[in-house]
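For reference, the structure is listed below as structure tokens.
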Amino acid sequence: MYFYQVLNSLLIPLLFVFAIASIGYAVGAIKIKGISLGTAGVLLVAILVGVLFSYVPSVTIADKTIMFWGDKQSSVFSTMSDIGTLLFVTAVGLIAGPKFFRSFNKSMISYVVMGAVIITVGVVITIIISALDSNMSIAMGTGLLSGSLTSTPAFGAAKESAGALAGEVTAGYGIGYLYGVLGVVLFVQVMPKILKVNIAEEREHFVAANTIQIKEDEKKRFALEEFGFFPFFVTIVLGLLIGCIKVPIGGGNYFSFGKSGGTLIAGLIVGHFGHFGKLDMKVSKQTLNMFRELGLVLFLVGAGVPGGVRFVDAFEWIYIIYGIIMATVPMIIGFVLGKFVFKLSIFNNLGSITGGMTSTPALGALISTAGTDDVSSAYAATYPFALVLIVVSCNLLVLLPF
């Protein structure tokens, strides 16, 4: 009896976490005409496993029931997603921090506008679809939008405001999330090929243009340990505290940066200063790369499996189409704006797109495609503004009388 209790509460979820990650990496390595899912292959496998769990939540062996999916298992994957988010976003913030505040220029305005345009286009499309389709509630539409833009904070805000319709928001999020992630991951790989960009040449120009001379600090600092774990974990703590701050936006609703926004901001700040007094707060590049990749994988597994379960709850093909429209149209409009109006380089343009779509997996794919971490700066510049707008928008959208 005890064996089955342990199996149900811990071993099964952990077994699937690492099995999904292993198979997902193998799937992501498959290339078709030079395009691959990369780490997002983990998400695809995770969602498929979640769909399987929705149909087969448990099995009975020798009169003993082994749960694949239930409250305990859901809690494990939710925690996994949270930890992954913290690791990934904190690493991105610390990587971008040393250059972020030193590179404020006219491009920053471009990033803010692109983030605003991407979110606004998505919101307008959602309102139009919800108004035209009498069979779809605005709660479902808002869920689809938050999933298509892969924004968990927006999903949480909408679900909280939806009240009795929170279930529809959740189902919409699950349906929109799959293409929301895979669509952007493929977009950042396909666009350079469509435009016939010489990646190596573009990377050389891009890195040169984004190289910033940072003065070496001659003052003696001391580090508590050699790997940089201490400053990394302190940054997460600061980020969570920032994420807890709630700002009233009227009607009894609040805005907060949440885990993602808070840790990104903390990472940018700590990465910029690099020390607290004489305490060295720098983290080695190797440590940051390791945390970034580990965090991304844990996030994809932790979010993908529950997303697959939710996917089945209210599946309709028309909702898939709506989700594709909500994700694709803002991306295309944002890219055209960045290319022809703001004249951004291909990497800055795509980096801003991943930030505007609040897509951490797409940033991982872009870093792999570009071959440089410098694309994180455009993501970090666009993400906070897009995050604020999508959270506030979804909070209010779900209250519309459709």
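The values are calculated or read from the model by the stated rules, or taken from the named source; none is laboratory data. Fair warning: this is a prediction, and the values are worked out from it, not measured in the lab. Reconstructed Cβ throughout: ideal geometry from the backbone, glycine too, with neighbour counts over all protein chains shown.
Is it fair to say Ile118 is at pLDDT 90 or above, within 18 Å of Gly356 (Cα to Cα) and either under 17 Å from the mean Cα position of the chain (by Cα) or part of a helix (DSSP H, G or I) (or both)? Step through it out loud before you land on a result.
Details: at pLDDT 90 or above: yes; within 18 Å of Gly356 (Cα to Cα): yes; either under 17 Å from the mean Cα position of the chain (by Cα) or part of a helix (DSSP H, G or I) (or both): yes.
Against the criterion (at pLDDT 90 or above, within 18 Å of Gly356 (Cα to Cα) and either under 17 Å from the mean Cα position of the chain (by Cα) or part of a helix (DSSP H, G or I) (or both)), Ile118 qualifies.
Mind counting the residues in region 41-67 that are touching a Leu at 6+ places or on another chain (Cβ under 8 Å) and either over 25 Å from Leu186 (Cα atoms) or surrounded by fewer than 22 Cβ atoms within 10 Å (Cβ to Cβ) (or both)?
Total meeting the criteria: 1.
Any residue in region 84-96 that is modelled with pLDDT of 85 or more sitting within a Cβ distance under 8 Å of a residue that is in a helix (DSSP H, G or I) and of a type in the set (Ser, Thr, Tyr)? List the pairs, counting only those 6 or more apart or interchain.
Leu86/Thr263; Thr90/Thr235; Thr90/Thr263; Leu94/Thr235
Just checking, which of Ser74, Ser58 is without any contact (Cβ under 8 Å) to a residue 60 or more places away in the chain, closer than 30 Å to Ile12 by Cα, among the hydroxyl-bearing types (Ser, Thr, Tyr) and out of contact with any Cys (no Cβ under 7 Å at 6 or more places or on another chain)?
Working: Ser74 fails: without any contact (Cβ under 8 Å) to a residue 60 or more places away in the chain.
Of Ser74, Ser58, the one residue that is without any contact (Cβ under 8 Å) to a residue 60 or more places away in the chain, closer than 30 Å to Ile12 by Cα, among the hydroxyl-bearing types (Ser, Thr, Tyr) and out of contact with any Cys (no Cβ under 7 Å at 6 or more places or on another chain) is Ser58.
Among the candidates Thr360, Thr372, which residue alone is surrounded by fewer than 24 Cβ atoms within 10 Å (Cβ to Cβ) and out of contact with any Cys (no Cβ under 7 Å at 6 or more places or on another chain)?
Thr372
So in region 351-381, with the set limited to residues that are in a helix (DSSP H, G or I) and farther than 23 Å from Lys285 by Cα, which one is modelled with the highest pLDDT?
Ile353
Quick one: count up the residues across region 130-140 that are assigned to a helix (DSSP H, G or I) and under 13 Å from Tyr319 (Cβ atoms).
Qualifying residue count, region 130-140: 3.
Could you please find all residues in region 141-178 being in a helix (DSSP H, G or I), under 16 Å from Gly356 (Cα atoms) and modelled with pLDDT of 85 or more?
Across region 141-178, the qualifying residues are Leu145, Ser146, Gly147, Ser148.
Any residue at all in region 204-226 that's under 20 Å from Ser376 (Cβ atoms), touching a residue at least 12 places away in the same chain (Cβ under 8 Å), part of a helix (DSSP H, G or I) and aliphatic (A, V, I, L, M)? Full working, then the answer.
Residues of region 204-226 that are under 20 Å from Ser376 (Cβ atoms), as a first pass: 204-214.
Among the residues that remain, those that are also touching a residue at least 12 places away in the same chain (Cβ under 8 Å) are: 205-207, 209-210, 212, 214.
Cutting the leftovers down to part of a helix (DSSP H, G or I) gives us 205-207, 209.
Subset that is aliphatic (A, V, I, L, M): 207, 209.
There is at least one residue in region 204-226 that is under 20 Å from Ser376 (Cβ atoms), touching a residue at least 12 places away in the same chain (Cβ under 8 Å), part of a helix (DSSP H, G or I) and aliphatic (A, V, I, L, M).
Which members of region 243-261 meet the condition of being of a type in the set (A, V, I, L, M, F, W, C) and either buried (at least 19 other Cβ atoms within 10 Å of the Cβ) or at pLDDT below 75 (or both)?
Ile249, Phe255, Phe257, listed by residue number.
Please go through region 1-48 and pick out each residue that is among the small types (Gly, Ala, Ser) and modelled with pLDDT under 90.
Listed by number, the residues that qualify are Ser9, Gly28, Ala29, Gly34, Ser36, Gly38, Ala40, Gly41, Ala46.
Test each condition in (1) β-branched (Val, Ile, Thr); (2) free of Cβ contacts under 8 Å to residues at least 24 places away in the same chain; (3) touching a Phe, Trp or Tyr at 6+ places or on another chain (Cβ under 7 Å) for Thr382 and report the one that comes out false.
(2)
Touching a strand residue (DSSP E or B) at 6+ places or on another chain (Cβ under 8 Å) and not in a loop (DSSP other than H, G, I, E, B): which single residue out of Ile109, Ile47, Ile95, Ile66 fits that description?
Exactly one residue qualifies, and that residue is Ile66.
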